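**Q** Structure incoming, see below.
The values are calculated or read from the model by the stated rules, or taken from the named source; none is laboratory data. Here the structure is a predicted model, which is why all the values come from computation and not from measurement. Cβ coordinates were reconstructed from backbone atoms using ideal geometry, including for glycine residues, and neighbour counts include every protein chain displayed. Surface accessibility is based on the protein's heavy atoms, side chains included, excluding ligands, DNA and RNA. Shrake-Rupley method; radii C 1.70, N 1.55, O 1.52, S 1.80 Å.
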Amino acid sequence: MIGVKIGNKHTFKDWGLKVLAFNVTLPERQKQLFQVPGRNGKIDVSLREQRCAYKSRTIKIVCDSLDRDFAEWANLVSDIANEVQDERLHIIPDFDKDYYYEGWVNFQPSKDFMVSSKMTFVIDADPYKMKNDITVIDVAVNGSETVILSNEKREAEPKLITDGEV
């Protein structure tokens, strides 16, 4: 069963929730658009450095819960809310385990009268998804060496460790 790890808990293994939908918006660049009279289109007048910045993205996870009576449902809602509500947590979907998202979780439970119950998690997430494992590159250098560190979209801040003079 596909689930999502939210903080230290897994939607299916810990709470018995089946993920029905996992929606992620793409991050939008921060920009200030200005229409110049007599010019076609708008220009971006944002003050930014070499790279652009992005707004948060939204992740919405909709889950279906086993039908429970109201007391069981209320206990489950309390357990989940105590764990995730308004917390900044890592979000790791089972189908993309090498990466995590990080953001503020808003838990939104709902229950119809004994028909179904939905558990929705809405996360105000950072714009980048991050690798779970740190990338380590070992290079033996004799003299001088150029090492190119490939990265995805976000700028990296490499940490250099030497065992001799540099």
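**Q** Exactly one of these conditions fails for D86: (1) in contact (Cβ under 8 Å) with a residue 24 or more places away in the chain; (2) part of a loop (DSSP other than H, G, I, E, B). Give me its number.
**A** Of (1) in contact (Cβ under 8 Å) with a residue 24 or more places away in the chain; (2) part of a loop (DSSP other than H, G, I, E, B), only one is false for D86: (1).
**Q** Among the residues of the range 97-129, which ones are more than 28 Å from D67 (Cα to Cα), touching a Lys or Arg at 6+ places or on another chain (Cβ under 8 Å) and not aromatic (F, W, Y)? Write out each step before concluding.
**A** First, the residues of the range 97-129 that are more than 28 Å from D67 (Cα to Cα): 97-103, 124-129.
Now restrict to residues that are touching a Lys or Arg at 6+ places or on another chain (Cβ under 8 Å): 98-103, 125-128.
Hits for the range 97-129 are D98, E102, G103, A125, D126, P127.
**Q** Which residue pairs have Cβ atoms under 6 Å apart, sit 6 or more places apart or on different chains, and have a first residue in the range 60-78 that is of a type in the set (A, V, I, L, M, F, W, C) and a second that is part of a loop (DSSP other than H, G, I, E, B)?
**A** Going by the 6 Å Cβ cut-off, the qualifying pairs are C63/T11; C63/L17; L66/G16.
**Q** Then there's this: Report, by residue number, each residue of the range 65-101 that is among the basic types (K, R) and either within 20 Å of the chain's Cα centre (by Cα) or under 14 Å from D124 (Cα atoms) (or both). Can you show your working first?
**A** Filtering the range 65-101 for residues among the basic types (K, R) gives 68, 88, 97.
Across the range 65-101, the qualifying residues are R88, K97.
**Q** Now, a different point. Those residues that are part of a loop (DSSP other than H, G, I, E, B), among the hydroxyl-bearing types (S, T, Y) and at pLDDT 85 or above, I need them from the range 25-59; list them, please. Give the steps one after another, and end with the answer.
**A** If we filter the range 25-59 for residues that are part of a loop (DSSP other than H, G, I, E, B), which is where we start, we get 25-28, 30-32, 36-41, 45-53, 55-56.
Next cut, among the hydroxyl-bearing types (S, T, Y) only: 25, 46, 56.
Matches in the range 25-59: T25, S56.
**Q** Then there's this: If I go through the range 26-43 residue by residue, how many of them are polar (S, T, N, Q), open to solvent by less than 100 Å² (accessible area, probe 1.4 Å) and in contact (Cβ under 8 Å) with a residue 12 or more places away in the chain?
**A** Within the range 26-43, residues that are polar (S, T, N, Q), open to solvent by less than 100 Å² (accessible area, probe 1.4 Å) and in contact (Cβ under 8 Å) with a residue 12 or more places away in the chain number 1.
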